Amino acid sequence: MNNYKRGLITGIPIALGYLSVSFTFGIMAVSFGLSWWQAVLISMTTVTSAGQFAGIGIMIHPGQYIQMLISQITINIRYSFMSISIGQKADSRFSGIYRWLLGFFITDEIFAVASQQKGIITHKFMYGLILLPVIGWVSGTLIGSFAGNILPMDLVAALSVAIYGMFIAIIVPPCKQSFACMFVVIISIAISCLLYYIPIFKSISNWSIIICAVIAAGIGALLFPKKADEDMEDNPE
């Protein structure tokens, strides 16, 4: 089996998962007042679930460009480190435009699957691995956008809550295995509640994602430092 075909087969489960999550994004984007083509364009040019969901919430409030810039950098900067990690396992022909494309299309799931591959990663394998998930992400957005225009508003509002189920599904497994992870999640929840419910913090509540992420991650790093050799054990190359 050639590398491209192997990548395609490996990417099928990711594509199916992206189809359902991006369906919710399409519905939410339309409910926020965006047209179907705007939602699809965002998915085609961004390919990041958390960044897109956070971004459209800011986009509907004109003038908050600095907040959008900082929030997107905070949410998506991890992709830079993922790309560097995968780039270290790539073959010698994986250079130039190939690395640019890798950096653009890298996601948590694509990185997780690619990093588990033994030996050298070829650009043909990465093309195959990336293709179906991207198609699933854009197609799900398109379907969700049209569904948001057709379905009753009460049902659209209910389906929009599905994204929180996805985030819970991402958080719960590592929290069950790591007290440090659970502690950081609890800290971020507590800070978010303080920013939302205490009147004195109302003026900065729009920055809650950034504030919670930075403070909770900082506390976690101070209380639960991880040595370099532990990182090597968790992510053997």
Take the chain, mark every one of the trypsin sites (Lys or Arg not before Pro) that falls in a DSSP loop and has at most 14 other Cβ within 10 Å, then report the longest stretch left between them, sites excluded.
119-225
With a 1.4 Å probe and all protein chains kept in place, how do Trp100, Trp207, Trp137, Trp37 rank by accessible area, largest first?
Trp100, Trp37, Trp207, Trp137
With every protein chain in place, the accessible area of Met182 for a 1.4 Å probe, in Å² rounded to the nearest 10, comes to 80 Å²
Of the peptides 26-32, 217-223, how do they stack up when ordered by the mean number of other Cβ atoms within 10 Å, highest first?
26-32, 217-223
With Cα Rg over 2.2 N^0.38 Å as the read-out, I listed [x] 1.09; [y] 1.38; [z] 1.01; which label goes with the value calculated from this structure?
[x]
Note down the accessible area of Cys175, probe 1.4 Å, to the nearest 10 Å².
20 Å²
Each label sits 7 Å from Cα toward the beta-carbon; between Ala112 and Ser92 the label points are separated, in nm, by 3.5 nm
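The values are calculated or read from the model by the stated rules, or taken from the named source; none is laboratory data. Since the structure is predicted, the reported quantities are computational estimates derived from the model, not experimental observations. Note that each Cβ is placed from the backbone with ideal geometry, even for glycine, and that neighbours are counted across all protein chains shown. SASA here: full protein model, heavy atoms, side chains in, ligands and nucleic acids out. Shrake-Rupley method; radii C 1.70, N 1.55, O 1.52, S 1.80 Å.
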